[in-house]
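Participant: Take this structure, written in C-alpha cells, and hold onto it; I'll ask about it next.
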Amino acid sequence: MKKLMTVLLPLFLIVVMSSLTTSSSGAAKPEKSPDTVRETQHLTVYIDRLNLGSDGGEITVDPIQWYTGEEAEAVFAKLEPDAGIDGPPDGYYIVNEDERLEHYPVAKNTQVLMQIYDRTGIVEDAEISWNEPVTLEKLASLLRYADVFDVSLFPYHLTIENGQVTGIVQQYVP
C-alpha cells in the first residue's frame, strides 16, 4: 500500500496543479486576443459632391496624385520638360491623369479639418486658420455655395478605413 501511495500521490498532485494553472471550462481568455484587422487608405482628391443623410453620407471624388518637395520636382521635370522653369512654382505638383469619379461612404463622425473658407460672405475676409475643425454639414454647405469662395478647387486628403471615409483634410494651396 505504501508503494501505491508513493506512485498515486505524485500523480494526484500533478493533476491538481495542472488544473489550477489551466482552465478546462473554455471560459479562459487567450493571453493575446487577435487584433481586429483595419484596412486604412489615404487618398488625395478633388471633391465633386458630398451628400449627407442621418447615418453619414456619400462623397464623390476625383482622385489625384499630390507631390511635394524633391518628388514634385522629379515628376514635374518628367511631365513638363518644356515648361521653361526648373520645377513646380510653389513646391507642389498635382497630376490628374484620370478624371473618373469615385464614390465612398462617409462615416457620421468623420473629422473634417479646413485651412481656408468663406466665413463671412466677403472674400477679402477669408483667412487661413490651420486645421480648423468643421462639421460634415458645414463642409457640405461650403461645397454647395461657392459663389464667394469655391472650396472644391482645393485638394483634400481623405482617410478611408474599411472602405468608409473617416477623415477629410483640406490641403491649402497658395
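The values are calculated or read from the model by the stated rules, or taken from the named source; none is laboratory data. Here the structure is a predicted model, which means the values were calculated and not measured. A quick note on method: Cβ atoms are made from the backbone with ideal geometry, for glycine too, and the neighbour counts reach across all protein chains shown.
Participant: Only one residue in Arg100, Arg144 is closer than 20 Å to Gly56 by Cα, exposed (fewer than 12 other Cβ atoms within 10 Å of the Cβ) and either of a type in the set (A, V, I, L, M) or free of Cβ contacts under 8 Å to residues at least 60 places away in the same chain (or both). Which one?
Facilitator: Values: Arg100 fails: closer than 20 Å to Gly56 by Cα.
Unique residue meeting the criteria: Arg144.
Participant: Take Val151 and tell me if it is in contact with a helix residue (DSSP H, G or I) (Cβ under 9 Å, 6 or more places away or on another chain), among the hydrophobic types (A, V, I, L, M, F, W, C) and under 23 Å from Gln65 (Cβ atoms).
Facilitator: Details: in contact with a helix residue (DSSP H, G or I) (Cβ under 9 Å, 6 or more places away or on another chain): yes; among the hydrophobic types (A, V, I, L, M, F, W, C): yes; under 23 Å from Gln65 (Cβ atoms): yes.
For Val151, the condition - in contact with a helix residue (DSSP H, G or I) (Cβ under 9 Å, 6 or more places away or on another chain), among the hydrophobic types (A, V, I, L, M, F, W, C) and under 23 Å from Gln65 (Cβ atoms) - is met.
Participant: So, one more: When the residues of region 123-149 are narrowed to those that are at pLDDT 95 or above and of a type in the set (Asp, Glu), which ends up farthest from the chain's Cα centre (by Cα)?
Facilitator: Residue satisfying both the conditions and the ranking: Glu137.
Participant: Restricted to region 40-55, and to residues that are in contact with a strand residue (DSSP E or B) (Cβ under 7 Å, 6 or more places away or on another chain) and surrounded by fewer than 15 Cβ atoms within 10 Å (Cβ to Cβ), which residue is farthest from Tyr67 (Cα to Cα)? So that I can check it myself, show each step before the final result.
Facilitator: Step one: filter region 40-55 for residues in contact with a strand residue (DSSP E or B) (Cβ under 7 Å, 6 or more places away or on another chain), giving 40-51, 55.
Narrowing the set further to residues that are surrounded by fewer than 15 Cβ atoms within 10 Å (Cβ to Cβ) leaves 40-42, 51, 55.
Working: Thr40: 20, Gln41: 17, His42: 14, Asn51: 28, Asp55: 34 Å.
Selected residue: Asp55.
Participant: From the set of residues in region 34-81 that are free of Cβ contacts under 8 Å to residues at least 24 places away in the same chain, charged (D, E, K, R) and part of a loop (DSSP other than H, G, I, E, B), which is nearest to Glu102 (Cα to Cα)?
Facilitator: So, considering only residues that are free of Cβ contacts under 8 Å to residues at least 24 places away in the same chain, charged (D, E, K, R) and part of a loop (DSSP other than H, G, I, E, B), the one nearest to Glu102 (Cα to Cα) is Glu80.
Participant: Just to be sure before I move on: is Gln111 among the polar types (S, T, N, Q), closer than 22 Å to Tyr67 by Cβ and surrounded by 13 or more Cβ atoms within 10 Å (Cβ to Cβ) in the structure I sent? Steps first, please.
Facilitator: On the way: among the polar types (S, T, N, Q): yes; closer than 22 Å to Tyr67 by Cβ: no; surrounded by 13 or more Cβ atoms within 10 Å (Cβ to Cβ): yes.
For Gln111, the condition - among the polar types (S, T, N, Q), closer than 22 Å to Tyr67 by Cβ and surrounded by 13 or more Cβ atoms within 10 Å (Cβ to Cβ) - is not met.
Participant: If you don't mind, there's one more thing I want to ask. Given (1) in contact with a helix residue (DSSP H, G or I) (Cβ under 8 Å, 6 or more places away or on another chain); (2) in a loop (DSSP other than H, G, I, E, B), where does Pro89 come up short, assuming only one miss?
Facilitator: In the conditions (1) in contact with a helix residue (DSSP H, G or I) (Cβ under 8 Å, 6 or more places away or on another chain); (2) in a loop (DSSP other than H, G, I, E, B), Pro89 misses (1) alone.
Participant: Related question: If only one of Ala77, Ala83, Ala72 is touching a strand residue (DSSP E or B) at 6+ places or on another chain (Cβ under 6 Å) and either closer than 14 Å to Gln171 by Cα or surrounded by 11 or more Cβ atoms within 10 Å (Cβ to Cβ) (or both), which one is it? If you could, list the steps in order and put the result at the bottom.
Facilitator: On the way: Ala77 fails: touching a strand residue (DSSP E or B) at 6+ places or on another chain (Cβ under 6 Å); Ala83 fails: touching a strand residue (DSSP E or B) at 6+ places or on another chain (Cβ under 6 Å).
Selected residue: Ala72, the only one of Ala77, Ala83, Ala72 that is touching a strand residue (DSSP E or B) at 6+ places or on another chain (Cβ under 6 Å) and either closer than 14 Å to Gln171 by Cα or surrounded by 11 or more Cβ atoms within 10 Å (Cβ to Cβ) (or both).
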